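Read the figures in this text as sums done on the coordinates, not as results from a lab. Please read these numbers as outputs of a predicted model, since none were measured by experiment. Cβ: placed from backbone, ideal geometry, glycine included. Neighbour counts: every protein chain shown.
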Amino acid sequence: MTRQASRVLLNTGDGKGKSSAAFGVMIRAWARGWTVGVVQFIKSEKWVVGERKLAHQLNIRWHTLGNGFTWESADIDHSAEMARHAFVVATEMLSSGDYDMVILDEFTYPLNYGWIELDAALQAIKGRSSKTNVVITGRNAPSELLELADTATEMRKLKHAYDRGIRARKGIEY
């Protein structure tokens, strides 16, 4: 077994738990004294998720830079511009050497929409500081991102309460 300076973890698939798993790793990293940062690419400021509230208490740098789900967007061009801005923030965090871990939450979506060039994303991840671990979440991860990842997990939905008309609940889904 070899010990790598940093790793890339990918949580993808159509099941629930991609971001939740990433934030579990965030808490583990913080508990080990790591400096952690989060960039959310799709979620908007109106969603104050429990993990974000905890991150603020733990002094984890958290950037919610999206404007919500694309089907709710009143201006898709603005949504794309926000994602590109989030990518600039994420790239700076990845390369700065200031972070032991950077979480790119819902990063696959702007890649799949063509809002962020896949090659630029791959280069930013490959060119990160040698100590910076990366956790990426989102459905339909491009095969090139899967190839780059050291560890990849596919979340597969077996059943979800929402399918039966049960709304998301604070403390469970957010």
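Out of the residues in the stretch 50-86 that are under 15 Å from the mean Cα position of the chain (by Cα) and in contact (Cβ under 8 Å) with a residue 40 or more places away in the chain, which is farthest from Q123 (Cα to Cα)? Top of the filtered list is G66. Determine, yes or no, whether E144 is under 21 Å from Q4 (Cα atoms) and of a type outside the set (A, V, I, L, M). For E144, the condition - under 21 Å from Q4 (Cα atoms) and of a type outside the set (A, V, I, L, M) - is met. Test A90 against the stated conditions and say whether it is among the small types (G, A, S), within 23 Å of G24 (Cβ to Cβ), part of a strand (DSSP E or B) and in contact (Cβ under 8 Å) with a residue 24 or more places away in the chain. Considered against the rule, which asks whether it is among the small types (G, A, S), within 23 Å of G24 (Cβ to Cβ), part of a strand (DSSP E or B) and in contact (Cβ under 8 Å) with a residue 24 or more places away in the chain, A90 comes out as no. The listed residues are T35, T132, and the only one of them that is touching a residue at least 40 places away in the same chain (Cβ under 8 Å), of a type outside the set (F, W, Y), surrounded by fewer than 20 Cβ atoms within 10 Å (Cβ to Cβ) and more than 19 Å from D14 (Cα to Cα) turns out to be T35. Whenever a residue of the stretch 95-118 is more than 25 Å from A29 (Cβ to Cβ) and free of Cβ contacts under 8 Å to residues at least 60 places away in the same chain, its partners that are in a loop (DSSP other than H, G, I, E, B) and of a type outside the set (S, T, N, Q), lying with C-beta atoms within less than 6 angstrom and at least six residues away or across chains, give the pairs L118/P142.
For the stretch 108-116, the criterion of being in a helix (DSSP H, G or I), under 14 Å from T137 (Cβ atoms) and of a type in the set (F, W, Y) is met by at least one residue. Return yes when R164 is in contact with a Gly (Cβ under 9 Å, 6 or more places away or on another chain) and either touching a residue at least 12 places away in the same chain (Cβ under 8 Å) or of a type in the set (D, E, K, R) (or both) and no when it is not. The answer is no for R164.
Candidates are the residues of the stretch 130-155 that are more than 21 Å from H85 (Cβ to Cβ), of a type in the set (S, T, N, Q) and not in a helix (DSSP H, G or I); the one that is farthest from the chain's Cα centre (by Cα) is S130. Answer yes or no: is there a residue in the stretch 83-104 that is among the hydroxyl-bearing types (S, T, Y), surrounded by fewer than 16 Cβ atoms within 10 Å (Cβ to Cβ) and more than 22 Å from V48 (Cα to Cα). Checked against the condition, which is being among the hydroxyl-bearing types (S, T, Y), surrounded by fewer than 16 Cβ atoms within 10 Å (Cβ to Cβ) and more than 22 Å from V48 (Cα to Cα), the stretch 83-104 yields at least one hit.
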